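The values are calculated or read from the model by the stated rules, or taken from the named source; none is laboratory data. This structure is a prediction, so every number in the text was calculated from the model and none was measured. Don't worry about glycine lacking a Cβ; one is built from the backbone with ideal geometry, like all the others, and counts go over all protein chains shown. Just the protein is used for accessible areas: all its heavy atoms, side chains included, with ligands, DNA and RNA removed. Shrake-Rupley method; radii C 1.70, N 1.55, O 1.52, S 1.80 Å.
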Amino acid sequence: MRTITTTTLAVLVVLSAMAVADEKRPVPDAAAQKKVNEIIDSVYGEQFRGKSSASARSLLAKEVLKAGQESGEEPVEAYVLFRVARDVAAGAGDVDTALEAVREIDNAFKVDADEMLLVVIQKSAKAKTSPAARKHLAQVASNLASEAIGNGRFESAKKMIASALVAARASRDQQTIARVTRRSREIAQLTAEYGKVKEALATIGKTPDDPEASLRAGKFFCFIVGNWQRGLPLLAAGANADLRITAKLDASAPVDPKERLKLADQWWKLGQVLTGVAQNNVMQRAAHWYGKSMEGATLRGLARKKAESRIAKFAKIAAENDLPRPRTGKGTKGRTRGKPSFEVVSRFKTAPATIAASLSADGKVLMLIDGSRTSRLYNTTFGQPLKHDLHEKGGVAGGRFTFVKDVVVSAPWEGGCTLWNLRTGQKVGGPRCWQTKTVACAPNGKWMAVGQFRGKVGVVDIQNGQAVVSISAFGRNSPVEGLAFSHDSRFLAMVTRHGAGKVYQLPDGVQSADLGSGLRTALAFTPDGRLLVASRSGGAIQVRSPKTGERLGVWRGHSNTVRGIGASPDGFVVTASSDTTARIWQATDGRSQIIWKHNAPLAAVGFSPNYQHFAVVGEDGAVQVWKVTR
């Protein structure tokens with residue numbers, strides 16, 4: 001019998017709590033919407049009637065969308081503003097802004113998002129736009145159709161891919177036409193297959209343990225659709241003994257590398273005898289588990305070589321067929337990316353008015369920067385200050401534990417940066433840098449970024465003090481107050497005091513994205529680097545693409561400004577807010593749960609360099625330190 005450990009139980013409790021989404025509101029009634037419409041017309045009416053070009057209407061839609069995002073706790077106002085932004089943007093052919101408005105509505109209100117998305121795509125297709133815009137619309141609609149298939153919404157997928165095909169043909173781009181046409185045929189086949197599976201699903205509805213019906217439905221969802229979450233329980237109850245064993249092992253989410261490798265081998269063997277879409281989906285599942293088996297450093301020798309070789313084979317298939325690529329497990333530096341649980345290991349009180357926090361690798365020393373610009377060090381086991389603080393002439397603008405053991409960096413207001421030995425409190429050097437506003441350290445252990453008063457950001461080598469790149473990101477009157485490195489250290493995001501944000505590639509310093517305005521200074525990259533989460537007014541957390549700046553959605557849960565954000569490679573994000581709560585978020589879907597309800601605003605989040613501990617600090621000086629168990 002399998003034993004459920006305390007850690008496993010803690011993980012289950014955390015995940016079950018995170019699975020409960022915040023309650024959505026009903027759509028406001030017509031009378032309430034009419035009142036807000038009248039106000040909107042008085043504010044924007046002349047602009048609506050005066051903007052004739054698509055580009056002008058697109059800009060106006062973005063302005064209205066922003067007003068909705070900043071509406072705070074006014075649900076009727078937010079709904080109507082989002083609805084207006086959606087309609088104006090779609091009419092102008094700006095599908096990205098229109099879809100963001102739909103996501104905002106769907107995040108907060110009980111609506112038929114499928115129907116709303118379809119209307120946006122169809123309306124955008126009717127707008128007079130350039131061939132490039134129509135090509136983009138075709139790609140977006142095709143992606144939405146694939147998403148609908150993955151979630152079992154086949155009728156929605158059929159309508160969405162039909163709109164994608166219309167847009168593709170209008171773009172006159174032959175590659176786009178061929179790609180969308182191929183996807184249209186696949187969706188037609190999937191829909192036809194689903195019609196055959198309906199009978200099996202009806203049987204399961206009446207007799208849940210029917211093995212033949214479970215096998216047929218399980219094969220469809222796993223092998224044809226690629227929806228393993230829905231299909232695995234069906235295969236595990238199915239008539240095929242081999243598939244039943246493999247599905248049960250997969251559903252158990254094994255953590256032992258040998259068990260993961262065994263599971264990958266079983267899926268790979270099955271993939272060799274399948275063809276077409278079924279082969280692609282099963283081999284993709286095998287590659288997923290090969291990647292998981294290599295996490296950490298325990299899988300070695302020929303076993304590791306085999307896993308690497310098969311991932312490479314599938315990556316080639318993925319490139320040829322435009323499939324998602326598996327994670328290889330490389331670069332994890334011994335960290336196992338299992339589902340974590342969280343345990344409070346320390347609580348104590350420090351000086352009030354904390355504005356920044358950072359933890360040592362072992363979680364035993366906490367570095368705080370307070371409102372008087374003093375850097376203080378605390379022993380987290382006993383909650384006592386260490387004998388040596390990091391004193392800088394003129395005060396400290398920022399400070400962080402580096403990814404070098406026992407080395408911490410502080411940045412004085414008057415310029416320059418100082419490296420300190422944590423154990424002795426002695427200065428051990430430091431790179432020459434600029435007048436400082438904030439500082440961040442790269443996970444690669446080599447670089448440090450310094451935000452300056454005059455809108456510049458300098459990246460320097462921690463060891464030799466040499467400049468890596470100097471980035472003139474903003475104007476002279478725009479001090480940079482927020483910085484965040486991606487986990488692979490390839491991107492650096494920055495925000496000014498006035499809320500403007502940008503992302504740059506490293507080490508060349510080329511801008512990759514403009515994040516616009518209206519941001520707060522708390523921001524972080526999600527573990528895979530695909531998303532950047534940044535605080536906005538009212539407690540919203542905006543989700544952006546760091547490569548394009550595209551707005552992908554909003555996480556909602558806090559009711560006041562988020563002042564601290566930190567992200568771990570495990571796939572969770574921690575936030576601290578002025579609403580007196582700290583939350584843990586799933587980076588994959590934006591679901592969250594409260595981990596600390598305090599009686600004063602929370603001001604900062606700090607992770608240790610190895611991500612095994614994190615601290616949340618209150619404005620009143622209260623501290624809680626968590627240990628992350630994997």
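List of remarks:
- Charging the Cβ of each Asp and Glu at -1 and of each Lys and Arg at +1, and nothing else, the dipole of segment 113-182 about its Cα centre rounds to 360 debye.
- Between Ala31 and Glu155, the contour length at 0.36 nm per residue exceeds the Cα-Cα span by 41.3 nm.
- Per residue accessible area in Å² of segment 253-304, where ligands, DNA and RNA are left out and the probe is 1.4 Å: 47 Å²
- Ordering of 108-116, 226-234 by burial proxy (mean other Cβ atoms within 10 Å per residue, highest first): 226-234, 108-116
- With all protein chains in place and a 1.4 Å probe, the accessible surface of segment 61-170 carries 49 percent carbon and sulfur.
- Computed lengthening from Thr298 to Thr207, 0.36 nm per intervening residue step minus Cα-Cα distance: 28.4 nm
- When Arg216, Arg476, Arg172, Arg591 are compared by accessible surface with a 1.4 Å probe, the order from highest to lowest is Arg172, Arg476, Arg216, Arg591.
- FRET efficiency for Ser470 and Lys198, using Cβ-Cβ distance with R0 set to 60 Å, rounded to 0.05: 0.45
- Sorting 602-614, 241-253 by average packing, meaning the other beta carbons within 10 Å per residue, from highest down gives 602-614, 241-253.
- Average accessible surface for segment 101-151: 45 Å² per residue, computed with a 1.4 Å probe over protein heavy atoms with every protein chain in place.
- Sorted on the mean count of surrounding Cβ atoms within 10 Å across their residues, most packed first, peptides 460-471, 82-93 read 82-93, 460-471.
- Amide hydrogen neighbours beyond the local backbone of Ser478, cut-off 5 Å, H modeled: Gly455
- Coordinate range of the alpha-carbon atoms in segment 19-130 per principal axis, descending: 43, 30, 22 Å.
- A 1.4 Å probe run over segment 445-602, with the rest of the protein chains in place, finds 35 Å² accessible per residue.
- Counting every C-alpha pair in segment 199-287, the share spaced more than 18 angstrom apart comes to 40%.
- In segment 516-581, the portion of solvent-accessible area held by carbon and sulfur atoms comes to 42 percent [1.4 Å probe, whole percent, DNA, RNA and ligands not counted].
- Volume of the convex hull of segment 433-577 (Cα atoms only), normalised per residue: 92 Å³.
- Full extension of the chain between Asp41 and Asn599 yields a length gain of 196.8 nm, computed as 0.36 nm times the residue separation minus the alpha carbon distance.
- Modelled spin labels at Asn240 and Asn227, positioned 7 Å past Cα toward Cβ, are 1.9 nm from each other.
- Computed about the Cα centre, the dipole magnitude for segment 510-630 is approximately 160 debye when only Lys and Arg (+1) and Asp and Glu (-1) carry charge, each at its Cβ.
- Segment 58-216 - Debye-derived log10 I(q)/I(0), Cα point model, q = 0.11 Å⁻¹: -0.53
- Counting only the Cα atoms, segment 503-543 fills a convex hull of 79 Å³ per residue.
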